[in-house]
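Here is the structure we will look at, set down as structure tokens.
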Amino acid sequence: LVAGLFNPMWAGAAQPLVMGFSQVGAESEWRTANTASIKDAAKKDGITLKFADAQQKQENQVKALRSFIAQKVDVIAFSPVVESGWDTVLREARAAKIPVILTDRAVSVSDPSLYVTFIGSDFVEEGRKAGRWLLDFAKKAPNAELNIVELQGTVGSAPAIDRKKGFEEIIASNPKLKLSRSQSGDFTRAKGKEVMEAFLKAKDKKIDVLYAHNDDMAIGAIQAIEEAGLKPGKDIIIISIDGVKGAFEAMVAGKLNVTVECNPLLGPQLMQLARDVVAGKPVARRITTTEGVFPAEVAAKELPNRRY
Ligand code: GYE
């Protein structure tokens, strides 16, 4: 064989599969781990990845999806910033016969067959787990009311909607647990800090518990609490979601009480799914990841095992 003359097409070898992936942004530690997992898995799997970062804006995602359609990729995968507003562009993908896989976040569309499958966590269940931890905590606490404030994720996003819903469903069973304030911190540290500062400044009611929809906002809030001269994890009990390394470090330092795990390492499963979908194999409509709950007591022991 003469080097340079060999064309794999002549040998009948398949062209590498091309995936267009539209990511939410780079808003959190979770997202960074998710992006790394997807890029890594594509490389290992020999899949050509066209990656676009939407910087938390739906309009950027719609543009990215349209550009993937124009480029005739084999498969589109994306993690939708918000739940609604996808019907039109998903119909365009269908008209171009490009299958769509949802990762991480769900959409609400009029016709569910506009996407093939959805791989990601059960966010309602994560909210319930956070609520159950607080129910247990409240059992041990003196009989007074517990005043809770909430830092929500991105407005209109599946994890913000569902984590609120699951948490509220559980705490409703104990009238001692009262949610007094709830505002979006857009899943970032900077916003989490800013909103917590505003909560603390209100000073109308002592804050007993903070429920943050992700670790990054909790970590931002921890700073705000310390700057206000209070002890996070003690004066204010803090519950968050994701289970990133930063949360484990905060728990080891006694500043965070519990994190509910949400697994970002979806890359390998996504690549396998993409291959199956393109090959026309049947796949499950919904693939849920398995996750745990990590209270501060186990943080030091678990930290070395954390992969994100
Ligand atoms: O919890 C948060 C990120 O969609 C599950 O998005 C994801 C969430 C995650 O910004 O940290």
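The values are calculated or read from the model by the stated rules, or taken from the named source; none is laboratory data. Given the structure is predicted, the values throughout are model-derived calculations rather than measurements. Counting neighbours? That spans all protein chains shown, and the Cβs are built from the backbone with ideal geometry, glycine included.
Structural remarks
- Check on Ile101, within 22 Å of Pro264 (Cβ to Cβ), away from the ligand (no atom under 12 Å from the Cβ), buried (at least 20 other Cβ atoms within 10 Å of the Cβ) and more than 17 Å from the chain's Cα centre (by Cα): no
- Residues of the range 147-160 that turn out to be surrounded by fewer than 21 Cβ atoms within 10 Å (Cβ to Cβ) and either hydrophobic (A, V, I, L, M, F, W, C) or touching a strand residue (DSSP E or B) at 6+ places or on another chain (Cβ under 8 Å) (or both), as a count: 2
- Contact annotation: residue pairs with Cβ atoms under 7 Å, 6 or more positions apart or on different chains, pairing a residue in the range 233-255 that is more than 16 Å from the ligand (Cβ to nearest atom) with a partner that is basic (Lys, Arg) and at pLDDT 95 or above, are Gly233/Lys255.
- Single condition Leu179 does not satisfy, out of (1) in contact with a Leu (Cβ under 7 Å, 6 or more places away or on another chain); (2) surrounded by fewer than 22 Cβ atoms within 10 Å (Cβ to Cβ); (3) hydrophobic (A, V, I, L, M, F, W, C); (4) assigned to a strand (DSSP E or B): (1)
- For the range 21-38, the count of residues that are more than 16 Å from the ligand (Cβ to nearest atom), surrounded by fewer than 20 Cβ atoms within 10 Å (Cβ to Cβ) and either in a loop (DSSP other than H, G, I, E, B) or modelled with pLDDT of 95 or more (or both) is zero.
- Taking (1) modelled with pLDDT of 95 or more; (2) farther than 15 Å from Met217 by Cβ in turn, Ser157 satisfies each apart from (2).
- Single residue of the range 39-62 satisfying the filter (within 16 Å of the ligand (Cβ to nearest atom) and assigned to a loop (DSSP other than H, G, I, E, B)) that is nearest to the chain's Cα centre (by Cα): Gln56
- Within the range 148-170, the set of residues being assigned to a helix (DSSP H, G or I) and near the ligand (Cβ under 10 Å from one of its atoms) comprises Ala158, Pro159, Ala160, Asp162, Arg163.
- Residue within the range 110-119 that is more than 16 Å from the ligand (Cβ to nearest atom) and under 30 Å from Ile237 (Cα atoms) present: no
- Selection of the range 270-305 for residues being surrounded by 15 or more Cβ atoms within 10 Å (Cβ to Cβ) and at pLDDT below 95 yields Thr289, Glu291.
- Every residue from the range 195-235 that is closer than 23 Å to Glu168 by Cα and among the β-branched types (Val, Ile, Thr): Val195, Ile207, Val209, Ile219, Ile222
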